[in-house]
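So the structure is just underneath, and the comments pick up after that.
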Amino acid sequence: MGDAEPQLAVERDQRARVAAFSVSAGLLLFAGSLWSALIEAKNPTVGLLQGLAPALHGAASATIDPRTLQEQFMTNHQVTLILAALLSAVGAVAMSFPLRYLAAAERLRSPAPSPIVGYLARYAPIVMAVFLPAYELSLVIGAHSYLSGSARTAAAITASTGGPVRFGFAIIVTLAELAVAGAFVMVGLRSMRVGLLTRMMGIVAILSGVLFLVPLTPLPVVQALWLIFFGATLQQFGGRPLPEAWTVAEARPWPPSQSTRGQRRQPRPSRGSRAPAAVPEPALPRGPSPSASKKRKRRR
C-alpha cells in the first residue's frame, strides 16, 4: 500500500486537468465531425444514370468525368474542410489524456495488467490526429492537380486523386481508428472490472469503441458523450462520489446484481442426475368421527 500512495497522489493532482481534457475532447470531436458533415452535405453526388450515361451512348468513358464537380467542390471548400479535420485532430489529441489516465489507474489496480492497453491509449489517438488532416490535405492537393490539367477524363482524375501516398494515408488512418476502437473497448472493459467505472460507463465505453469500427451515424455522438460524462465523473459533478476503487490502490469489483445472486444460490441439477422424488407428507391421526360417537350413545 505504501508503494501505491505516490500513484494515488498523482491521480488526485491530475484529476481536474484530465477532466478538462476529457470534456474538451468530447466537444471538439463532435464539433469537428459536425462541421465536416455540414460541408459534405453540399457535395454534389454522381447519380446512377449520370454514371451510366457514357455506356448508354456507346462510349467507353465520358468526355468530361462527372466527378469533376466533386473536385471543384473540394477546392472551393478546401479551407473549411482542412479546419474541420484539424478540429477533430485536436479533439483526438485531447482524447489521449483521459484514456492514458484511466489505463494507468487500471494497471495499478489490476491483478494481471496488460501493457497493450497503455500503448493503445497513448499512441492511437496521436496517430489518428496526425494522419487525419494529412489525408484531407492530400485530397485537396489531388483536386488542385486534376483541375490544373487539361484532361477531364476518368484516368486523369484517378491519377490525381490516387497514388501510393494517399493510399498509404488512408491505410494509416483506418489502422489508427481500429487502434482507438481497441483502446476504448479494452480500457472500458478492464476499468469496469476493477471498479474504476460503473457498469453503465463501462458498457458505453465499449459501445463507443464498436461505433468507431461500425459508425451508425456520421457524428461521434456516443464517443463525445462518454468523454464528457467521464470528465464530469472525475469532477464529481452533481455531488456524486467517485467509485470506491479510486480511493484505494486495489480492485473493488462491483457486486453482482440481485437477479444474478439468486441464480448463483440455486444449484442447478446436472443432466445425468434425476430430480429427487417428492416425499409425501405424513398423514395426521384422525380423531373419532361424530357419527361414531352418536352410535355409541344409542347403544348405551
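Each reported figure results from applying straightforward, stated rules to the coordinates on display, with no laboratory input. Quick caveat: nothing in here was measured; it's all calculated off a predicted structure. Note that each Cβ is placed from the backbone with ideal geometry, even for glycine, and that neighbours are counted across all protein chains shown.
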Inset, instruction - May I ask for the distance between the Cα centers of region 111-127 and region 200-247, given as a whole number of Å? - result: 18
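Can you compute the FRET efficiency between ASN43 and ALA4 using 1/(1 + (r/R0)^6), with r the Cβ-Cβ distance and R0 = 51 Å? Round to the nearest 0.05. Walk me through the numbers on the way to the answer.
Values: r = 53 Å, r/R0 = 1.05.
That pair, ASN43 with ALA4, gives E of 0.45.
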Inset, instruction - Please work out the Cα center distance from region 7-21 to region 146-191, rounded to the nearest Å. - result: 35
Legend entry - Karplus (6.51, -1.76, 1.60) ³J(HN,Hα), θ = phi - 60°, over region 97-104, in Hz, Gly and Pro reported as x: 5, x, 5, 5, 4, 6, 5, 5
Inset, instruction - At 7 Å along the Cα-to-beta-carbon direction for both VAL210 and LEU147, put a label point, then send me their distance in nm to one decimal. - result: 4.2
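Quick one: order TYR135, TYR146, TYR123 by neighbouring beta-carbon count within 10 Å, fewest to most. Intermediate results must be reported in sequence, preceding the final value.
Values: TYR135 19, TYR146 23, TYR123 16.
The fewest-first ordering by Cβ neighbours comes to TYR123, TYR135, TYR146.
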Legend entry - Residues VAL79 and ALA170, FRET efficiency given R0 of 30 Å [Cβ-Cβ distance, rounded to 0.05]: 0.85
Legend entry - Table column - 3J(HN,Hα) (Hz), region 151-159, Karplus curve with 6.51, -1.76, 1.60, x for Gly and Pro: 7, 10, 8, 5, 5, 5, 6, 5, 5
Inset, instruction - Extending each Cα 7 Å along its Cβ direction at THR198 and GLN70, get the distance between those two points in nm, one decimal. - result: 4.4
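Using a Förster distance of 45 Å, how high is the FRET efficiency between VAL248 and ALA155, based on the Cβ-Cβ distance and rounded to 0.05?
0.10
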Legend entry - For region 7-19, 3J(HN,Hα) per residue [Karplus equation, 6.51 cos²θ - 1.76 cosθ + 1.60, θ = phi - 60°, Hz, x = Gly/Pro]: 5, 5, 5, 5, 4, 5, 5, 8, 4, 5, 5, 5, 4
